[in-house]
1. Can we say GLY273 is at positive phi, outside the structural domain of HIS179 (by TED's automatic domain parsing) and in contact (Cβ under 8 Å) with a residue 12 or more places away in the chain?
2. Go through (1) surrounded by 24 or more Cβ atoms within 10 Å (Cβ to Cβ); (2) hydrophobic (A, V, I, L, M, F, W, C); (3) not in a strand (DSSP E or B) one by one and return the number of the condition VAL266 breaks.
3. I'd like the full set of residues that are charged (D, E, K, R) and either under 10 Å from VAL31 (Cα atoms) or assigned to a strand (DSSP E or B) (or both), limited to the range 58-89.
4. When you check LEU254 against the structure, is it touching a helix residue (DSSP H, G or I) at 6+ places or on another chain (Cβ under 9 Å), surrounded by 15 or more Cβ atoms within 10 Å (Cβ to Cβ) and not in a strand (DSSP E or B), yes or no?
5. Using beta carbons and a limit of 6 Å, which pairs, at least six apart or on different chains, have the first residue in the range 44-71 and in contact (Cβ under 8 Å) with a residue 24 or more places away in the chain and farther than 25 Å from HIS135 by Cβ and the second one among the hydrophobic types (A, V, I, L, M, F, W, C) and in a strand (DSSP E or B)?
6. If I ask for residues that are within 19 Å of ASP27 (Cα to Cα) and not in a helix (DSSP H, G or I), which ones from the range 159-181 would you list?
7. Inside the range 18-57, can you point out the residues that are of a type in the set (Lys, Arg) and not in a helix (DSSP H, G or I)?
8. Identify, from the list VAL146, VAL190, VAL137, the residue that is touching a helix residue (DSSP H, G or I) at 6+ places or on another chain (Cβ under 9 Å), outside any loop (DSSP other than H, G, I, E, B) and either touching a residue at least 24 places away in the same chain (Cβ under 8 Å) or surrounded by 19 or more Cβ atoms within 10 Å (Cβ to Cβ) (or both).
Amino acid sequence: MAVSASSKVMNNVETVRETLHEAMKNDDRTVILGEDVGDRGNVFLITKDFVKEFGPERVIDTPIAEASIVGIAVGMAMEGLRPIAEIQFADFIYPAFNQIVGEAAKTRYRSNGEYTCPLVIRTPYGGGVRGALSHSVSIEALFYHVPGLKIVAPAFPADVKGLLNAAIDDPDPVLFLEHKKTYRLIKGEVPGGHYTIPLGKADVKKAGTQLTVVSYGLYVHWALEAANQLETEGISVEVVDLRSIRPMDRGTILDSVRKTRKLLIVHEDNKFGGVGAEISAMVAEEALFDLDAPIRRHCAPDVPAMGYALPLEEEYMSSPAEMAEAMREMVRF
């Protein structure tokens, strides 16, 4: 859609706030519900003062009951509203699993298209903030198996706005993942107006010729840092930001892999059964004979959770230096 000439520099959390505010202002059907979204204005102050402007019927403080938050939002969506349900931290989403998978994702199919479920479920995820077991989880692999559910994980402010607007406009449920480490760390130019990016479209953040790196969320930034370091060593790495986990932009991934002939997948979630496994399988099925090296995944170890102690968090998560070494090994192969 059209983008106004006005733009400004914001960080990711400011972009979420402004995008939600514009959505509330522009469409009376839009409602926000979740724990502490009203008077407190969300634990990150994303909805600060929203309840004063839009009222408690549109900015709804809920009990600590994630199944109810999503279940009520599903009903709202099916009856013509545009609910944005907030799960305070992704670690708390498990009680709502049945409402997301068993209800929201199946609404269109179950009703033969008579009903849709225009619902956005926002939640902060990921590590790097000393959040330990209850505030560091990555949940994407638990949900990306589910047809009927879209999953988005933007890394840059402009992508946050464009994809959040597209999610709100979408007639079907979207799980919108916001990496909390990037909330105030990442800043960028954000277009004005009702700016959208199509769901399911990846973006090549850095062009290269010797290796394709596919990532999303916080790790896109670490991968770019590593790729820029390798450029000083004469190594050319292409970095693809997935942005949408489902639907996945197979075309952009395959085009890049066929150009560089090598693929490294980097993500913060556990390696076993993760998003990287699906990308690996897809590339192996469709571009195996274009490869000059085995596909490699650089992901979190298969342990149940991230520890609180800094050495444990650092051991669980990757770093730009570790990513750079994985990239060197791939190029040398």
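The values are calculated or read from the model by the stated rules, or taken from the named source; none is laboratory data. Model, not experiment: these values are computed from the prediction. Cβ sites come from the backbone with ideal geometry, for glycine too, and all protein chains shown count toward neighbours.
1. For GLY273, the condition - at positive phi, outside the structural domain of HIS179 (by TED's automatic domain parsing) and in contact (Cβ under 8 Å) with a residue 12 or more places away in the chain - is met.
2. (3)
3. ARG58, ASP61, ARG82, GLU86
4. yes
5. ARG58/VAL31
6. Correct list: ASP170, PRO171, ASP172, PRO173, VAL174.
7. Once the filter is applied, which keeps residues that are of a type in the set (Lys, Arg) and not in a helix (DSSP H, G or I), the range 18-57 yields ARG29, ARG40, LYS48.
8. Answer to the selection: VAL190.
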